[in-house]
């Protein structure tokens with residue numbers, strides 16, 4: 001049996017709008033609509049989709065915060081909305097843009113309180129604290145109140161906190177949002193190790209394609225509340241037909257660059273935008289351009305998840 | 001559920017979790033002892049001034065609504081103790097709207113502790129003991145006018161417990177309204193702090209309709225008015241039945257039941273709208 005089972009899951013919201021001084025009309029919005037998927041123990045799944053696609057609503061139903069309006073969800077053999085507190089002991093949840101730590105208390109106190117309310121055995125607690133504090137580099141921050149931590153530090157603290165009780169599943173909502181490149185890299189490394197060494201199942205929502213690339217073997221794309229893609233990232237890329245962009249600043253203005261494997265999207269003075277397939281390497285293109293022109297500067301723009309999904313739809 | 005096999009086990013789990021969270025906040029406050037004691041003593045002084053206002057009024061009059069200063073002090077002491085204890089224990093619940101907006105409520109719902117317990121214990125402030133101390137002081141000053149016997153002592157204890165429960169319910173019920181309109185915290189204040197202020201005065205100064213409302217709609221009159229009539233050996237000037245003077249626990253129980261319903265409805269609403 002899969003660890004997470006979602007069957008025709010739906011959640012409708014009724015939105016009341018004022019349409020006149022006294023009149024109100026209600027509109028039913030299907031935030032999640034007939035959503036089905038299964039996730040096995042030990043998987044790392046990226047759960048992506050544009051804003052308002054129903055990602056958070058799904059996570060809220062899988063954690064038992066929201067009650068589904070239709071269909072069913074089972075997580076670790078439990079029904080989240082009915083067995084919310086029991087489920088809480090078996091999952092960890094990290095919300096990227098807010099903290100579940102106690103804002104005015106030092107990290108150490110938050111950890112200590114979690115030890116008590118989850119009734120974590122001493123040995124487990126000590127081992128997890130030692131491991132995660134070392135790996136997440138939190139040692140010097142333990143006595144700092146959470147409100148004084150930087151975004152990256154706080155995120156690491158939140159993740160360590162969510163893992164103290166050895167959850168089988170870790171939900172991460174935008175874990176790398178607002179982090180710098182180095183912090184992102186370290187966080188991804190930590191999550192990968194967590195999955196490999198402890199077998200923790202990871203489900204993360206993100207806007208950052210590189211999170212998915214670094215972590216997830218499998219991607220579920222949701223739009224308008226329904227899964228529109230479920231499979232490995234590579235096939236999403238190919239299916240999506242999205243492209244990377246090479247931005248070239250030439251020393252002198254020139255006619256649109258004509259090279260194999262790329263096409264010019266836009267020319268603005270000496271700057272030109274070249275699109276090439278997302279699966280291809282930029283190196284041969286750069287070599288071709290450099291051989292024919294004097295280059296002042298170069299940069300490469302990765303397609304973001306929004307682009308990939310937009311492409312997925314425009315086809 | 002592991003900890004909720006029986007209602008008793010559930011309650012024990014809730015109370016234990018409450019004190020775990022509260023203890024953490026107490027420890028955090030004690031990390032700054034000077035600040036803690038300044039705020040505590042400040043609390044005593046500010047609430048003391050509150051009573052001075054009533055005391056000054058009595059320098060011009062001998063009785064107010066037929067009650068002497070010490071009799072009013074008895075009413076004041078009983079409602080203040082009950083209200084301040086309730087405020088210390090569950091007052092944080094009025095931040096529901098804020099917790100909904102910040103998403104903290106979602107985080108609370110992913111923890112294995114009842115949400116209401118987490119809301120009430122959040123930012124537990126031990127320094128409110130100062131305000132409770134003021135209520136106790138006023139009560140102690142008024143106490144000698146009562147002809148104490150075991151029966152009256154028992155009624156006093158029952159009254160204080162019921163009073164705390166009644167104010168618990170007022171705090172929780174009116175805060176729960178924020179699940180429907182997130183900006184209703186001022187509205188809740190009118191009934192919590194406002195309720196306590198009204199109950200500091202003898203009901204005889206209010207029109208009959210107000211007293212009726214405070215008996216049957218929002219039964220704050222059971223916090224101090226009816227039981228204090230008994231302590232003072234008086235009958236109700238508005239002619240309420242004599243047994244009302246012992247009915248505070250009944251009023252408290254009825255209100256607890258109602259509050260549980262309102263809270264469940266509120267949380268159910270949140271769990272089906274997410275906002």
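Classify region B:1-81 as rounded, prolate or oblate, taking a ≥ b ≥ c as the square roots of the eigenvalues of its Cα gyration tensor: rounded when a/c is under 1.5, otherwise prolate if a/b is larger than b/c and oblate if not.
Oblate, because a/c is 1.5 or more while a/b does not exceed b/c.
How far is the Cα center of region A:91-139 from the Cα center of region A:194-221, in Å?
21 Å
Go from 0 up to the bin containing the longest alpha carbon distance in chain A, width 20 Å each, and give me the % of pairs per bin.
28, 48, 22, 1
In whole angstrom, note down how far apart the Cα centers of region B:1-66 and region B:74-145 are.
6 Å
Which residue fluctuates the most in chain A, going by a Gaussian network model with Cα springs under 10 Å, if the choices are A:229, A:13, A:111?
Comparing A:229, A:13, A:111 in the GNM, the peak value goes to A:13.
Compute the label zone of residue B:6 within region A:100-125: residues whose backbone N is under 13 Å from the point 7 Å along Cα-to-Cβ.
none
Assuming R0 = 60 Å, what is the FRET efficiency of residue A:302 and residue B:260, from their Cβ-Cβ distance, to the nearest 0.05?
Step by step, r from the Cβ atoms, then E = 0.65.
Given the rule -39500 (n - 2.57) for each run of at least 4 DSSP H residues, summed and divided by the residues of the protein assembly as shown, what is its mean residue ellipticity at 222 nm, to the nearest 500 deg cm²/dmol?
-15000 deg cm²/dmol
Apply 1/(1 + (r/R0)^6) to the Cβ-Cβ distance of residue B:217 and residue A:108, taking R0 = 51 Å, and write down the FRET efficiency to the nearest 0.05.
The pair residue B:217/residue A:108 has a calculated efficiency of 0.60.
At residue B:143 and residue A:271, where each label point lies 7 Å from the Cα along Cα→Cβ, what is the point-to-point distance in nanometres?
Roughly 8.0 nm, to one decimal.
Using Cα springs under 10 Å in a Gaussian network model of chain B, which residue among B:107, B:86, B:252 shows the largest mean-square fluctuation?
Ranking B:107, B:86, B:252 by mean-square fluctuation puts B:107 first.
When N is the residue count of region B:164-256, what does its C-alpha Rg come to as a fraction of 2.2 N^0.38 Å?
1.13
Hey, in the GNM for chain B with a 10 angstrom Cα cutoff, which one of B:165, B:231, B:261 fluctuates hardest?
Maximum among the listed residues: B:261.
Need one value for B:109-120: mean number of C-beta atoms belonging to other chains within 10 Å of its residues' C-beta atoms.
5
Rank the residues B:39, B:30 as a footprinting-exposure proxy: fewest other Cβ atoms within 10 Å of their Cβ go first.
B:30, B:39
Tally the DSSP beta bridges in the protein assembly as shown and give the antiparallel ones as a percent, rounded to 5.
70 percent
Please state, to two decimals, what the Cα-based radius of gyration of region B:85-240 comes to when divided by 2.2 N^0.38 Å (N = residues).
Dividing the Cα Rg of region B:85-240 by 2.2 N^0.38 Å gives 1.19.
Output the antiparallel fraction of DSSP beta bridges having both residues in chain A, as a percent to the nearest 5.
The antiparallel fraction comes to roughly 70 percent.
Could you tell me the extents of chain B's C-alpha atoms along the three principal axes, largest first, rounded to whole Å?
If we take the Cα atoms of chain B, the spans are 57, 45, 37 Å.
Report the label-to-label distance for residue B:102 and residue A:217 in nanometres (one decimal), using points 7 Å from each Cα along the Cα→Cβ vector.
My value for the distance between the label points is 4.0 nm.
Compute the separation of the alpha-carbon centres of region B:222-267 and region A:243-275 and state it in Å as a whole number.
Their Cα centres are 81 Å away from one another.
Which three extents, in angstrom, do the Cα atoms of the protein assembly as shown have along their principal axes, listed largest first?
Dimensions of the protein assembly as shown along the principal axes of its Cα atoms: 105, 57, 54 Å.
Here, each number is a calculation from the coordinates, and none is a lab measurement. None of these values were measured; they are calculated from a predicted model. Counting neighbours? That spans all protein chains shown, and the Cβs are built from the backbone with ideal geometry, glycine included.
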